[in-house]
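See below for the structure under consideration.
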Amino acid sequence: MASASRDRSVRLWIPNIRGDSTEFRAHNATVRSVQFSPDGQQLVTGSDDKTIKLWTVHRHKFVCSISTHTNWVRCVRFSPDGRMLVSCADDKTIKLHDINSASTLHSFPELRSSSNYVAFHPSGTCIAAANTDNSVKIYDIRTRKLLQHYDAHSGPVHSISFHPSGHILETCSADGTLKLLDLMEGRVIYTLHGHQGAVTCCGFARDGEYFASGGKDQQVMVWKTNFKPVDLCGGLEETEEADHQTPHEVTVALSPDDSEDEERITTVQSRRDPETFQDSDTVGSNKASNGSGDEDIATSLQQVKGSLQHLIMQLDTLTQTVLVLEQRLSHAENKISELVNNQHNLR
């Protein structure tokens, strides 16, 4: 394990009973972020001295430094392939860096606020940022445009974590809640209440079955998901042809009764669309009336196939509509940026 500290050092720990560790001085100020590379051979650190540094795990050898931020570096993370870095700082920018050349590829300006945390999408095509203005933003690093924007919290967002499938994003905030965002549908699907006070960190397990959260109430909570197993997706722009039965937003709260061996969970379930019940009842009555012969089964399969083809056509139409809206939104954002720059020039 690796840890970063206000004493300007980084420690590498051997996870055993004695807790053996080795220390090396990494920066000239507080070290706020540390992460292993995907292959475990390198370590990246970010500090209040405004620099990002890359090290080898073996012998703690310094590799390179990136000094393009103009204020404290809050977070820095490797891309899934280990070839890029993303970082955020109090200079209100999110920067994308190339490791081989130790250079900054692009800077995403945050006009309203700074970011507390950044993370790569599992596909490596997008990055997400947790912002102090209560928002979560997702950028496409290929087009270098804003892809999604969520005003999901009522307080600064402290941390975020992608589900391994890439379809769900977990967020935690100073408002005391965790939220799960469905990135394919672009909305909040779960709001979780359990911590008494701000939630400071969160993260999914590697298999996505569990996620954990920590808060200012000195509690660490482990949550179990109810997501269906899915393969890793290629990117947020891709749509799945699976049966999406995602509920409307559900609020989950831990009971205040803290028994030693049991934690009770209260779940407010969402109501299904009446049309869904009507369709399922119709299918059931058709099956009962048609009997169990081979011809009836073939007819039912044809009906299901027709319905699926119709749904796929509707999904394609919705996808095209969303793409058009994204293009219009990008155009509007560019215009706003031009206006802001013109105002700064006039001043």
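Overview of results
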read-out	value
Overall dimensions of segment 68-184 by Cα: Rg and Dmax, Å	13.2, 41
Rounded, prolate or oblate (a/c below 1.5 giving rounded, otherwise prolate when a/b exceeds b/c) for segment 44-88 by Cα gyration tensor	oblate
Over segment 31-134, volume per residue of the alpha carbon convex hull, in Å³	87
Accessible surface of segment 1-95 [probe 1.4 Å, protein heavy atoms]: carbon and sulfur percent	49
Principal axes of segment 13-70: Cα extent on each, largest first, Å	41, 23, 17
Residue-level accessible surface for LEU301, protein heavy atoms, 1.4 Å, Å²	110
Relative intensity, log₁₀ I(q)/I(0), of segment 85-154 from a Debye sum that treats every alpha carbon as a point, q = 0.13, 0.26, 0.27, 0.29 Å⁻¹	-0.33, -1.27, -1.35, -1.49
Note, ³J(HN,Hα) from phi for segment 27-39, Karplus 6.51, -1.76, 1.60, rounded to Hz, x at Gly and Pro	9, 9, 8, 3, 9, 9, 8, 8, 7, 7, 6, x, 8
Lysines with Cα under 18 Å of LYS145, excluding same-chain neighbours fewer than 8 positions away	LYS92, LYS95, LYS137, LYS335
Residue-level accessible surface for MET1, protein heavy atoms, 1.4 Å, Å²	130
Alpha carbon centroid spacing (whole Å) that separates segment 81-103 from segment 128-169	17
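The values are calculated or read from the model by the stated rules, or taken from the named source; none is laboratory data. On a predicted model such as this, the values are computed, not experimentally measured, just so you know. Side chains are part of the model used for accessible areas, which takes the heavy atoms of the whole protein and leaves out ligands, DNA and RNA. Shrake-Rupley method; radii C 1.70, N 1.55, O 1.52, S 1.80 Å.
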